[in-house]
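The structure appears below as structure tokens.
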Amino acid sequence: KIIKPQNDWFLSLDYNGAELRTLLSLMEQEQPDYDVHQWNAKNVFGGVLSREEAKEKFFAWLYNPKSDVVDHTIYDRKKVLNKYYMDGEIKTPMGRTIKVDERKALNYLIQSTTSDIVLDRAVKINEFLSDKKSCISHIVHDEIVIDLDDDERDLVPEIKEIFENNNIGNFMCNLNAGQNYYDLKGLRL
């Protein structure tokens, strides 16, 4: 509650299932146009798990190469690794080369790519806001928080579009706004 904007509002742009959406893009699969964890609950786990249970089970599978609880015809980890992992190195679509053993390769690929996407979008948003009162306040994992001047609230749709349309796809994002970082509430456009 003590973290407050210098302007009027915080606007939070947070990718919905960032790592999952990164994986889908790396697999060259279409993104769900709604909550990706709800999509998994329905399409991967047959609707028997809640959103939170599906999210937990999916991530336990994703980063455990020995787990087989997710059908490889929906999410094919081997296909992704065959494309991006060679000779003990990950080569990310964002141009990074990372030495890593095979057991951690998928984790490094997804985490590095997601981080680079967020940082790239922060640069683009910063450029867009360069002549404005509003500015980037901070970044937390896959979230960019804008210190928004109320007179510039009409910029929100453009800022959202810049954030969602990244170098490897179009990732749905959640928007939240509030007068401090603790009390952010969902925002619909």
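The values are calculated or read from the model by the stated rules, or taken from the named source; none is laboratory data. Keep in mind that what you see is a predicted model, and the values were worked out from it rather than measured. Cβ placement follows ideal geometry from the backbone for every residue including glycine, while neighbour counts extend to all protein chains displayed. SASA here: full protein model, heavy atoms, side chains in, ligands and nucleic acids out. Shrake-Rupley method; radii C 1.70, N 1.55, O 1.52, S 1.80 Å.
For region 14-58, the list of chymotrypsin sites (Phe, Trp or Tyr not before Pro) that fall in a loop by DSSP and count at most 13 other C-beta atoms within 10 angstrom reads 34. Which pairs break 28 Å Cα to Cα here: 42/78; 55/104; 79/185; 66/91? Exceeds cut-off: 79/185.
For region 1-143, a crude dipole built from +1 on the beta carbon of Lys and Arg and -1 on the beta carbon of Asp and Glu, taken about the Cα centre, is about 240 debye to the nearest 20.
Over the chain, accessible surface divided per residue gives 56 Å², non-protein components excluded, 1.4 Å probe. Distance between the C-alpha centres of region 134-170 and region 32-46: 25 Å, rounded to the whole angstrom.
Structure shown: which of 83/124; 99/160; 57/99 lie over 31 Å apart, alpha-carbon to alpha-carbon? In this structure, 99/160 exceed 31 Å between Cα atoms.
Look at the dipole of the chain built from charges on Cβ: of 107, 129, 140, the Cα furthest out on the positive end belongs to 107.
The ellipsoid equivalent to the alpha-carbon distribution of region 1-89 has semi-axes of 29, 19, 13 angstrom, derived from the gyration tensor eigenvalues as √(5λ) and listed largest first. Three semi-axes describe the equivalent ellipsoid of region 56-122; taken as square roots of 5 times the Cα gyration tensor eigenvalues and ordered largest first, they are 21, 15, 10 Å. To the nearest ten degrees, helix 102-128 and the longest principal axis of the Cα atoms of the chain are 20 degrees apart.
For region 1-49, the extents of the C-alpha atoms along the principal axes are 45, 27, 15 Å, listed from largest to smallest.
With Cα atoms as the point set, region 91-133 shows a radius of gyration and Dmax of 14.2, 46 Å. Diagonalise the Cα gyration tensor of region 79-189 and give the resulting equivalent ellipsoid semi-axes, square root of 5 times each eigenvalue, largest first, whole Å. For region 79-189, the semi-axes come out at 33, 14, 12 Å. Report summary: the helix-based calculation at 222 nm, which adds -39500 (n - 2.57) for every DSSP H run with n ≥ 4 and divides by the residues of the chain, gives -12000 deg cm²/dmol. The order of the peptides 138-144, 5-11 by mean Cβ neighbours within 10 Å, most packed first, is 5-11, 138-144. Remark: the residue 34-residue 83 segment gains 14.9 nm on full extension, using 0.36 nm per residue and subtracting the alpha carbon distance.
For the chain, the mean projected area of the C-alpha convex hull, equal to one quarter of the hull surface, is 11.5 nm².
Atom-type composition of the exposed protein surface of region 1-116 places 47 percent of the accessible area on carbon and sulfur (1.4 angstrom probe). Distance between the pseudo-spin-label points of residue 161 and residue 127 (7 Å out from Cα toward the beta carbon): 1.6 nm. So, counting K/R as plus one and D/E as minus one, what does the shell of residues with Cβ under 14 Å around residue 26 add up to? Result for the local shell: +2.
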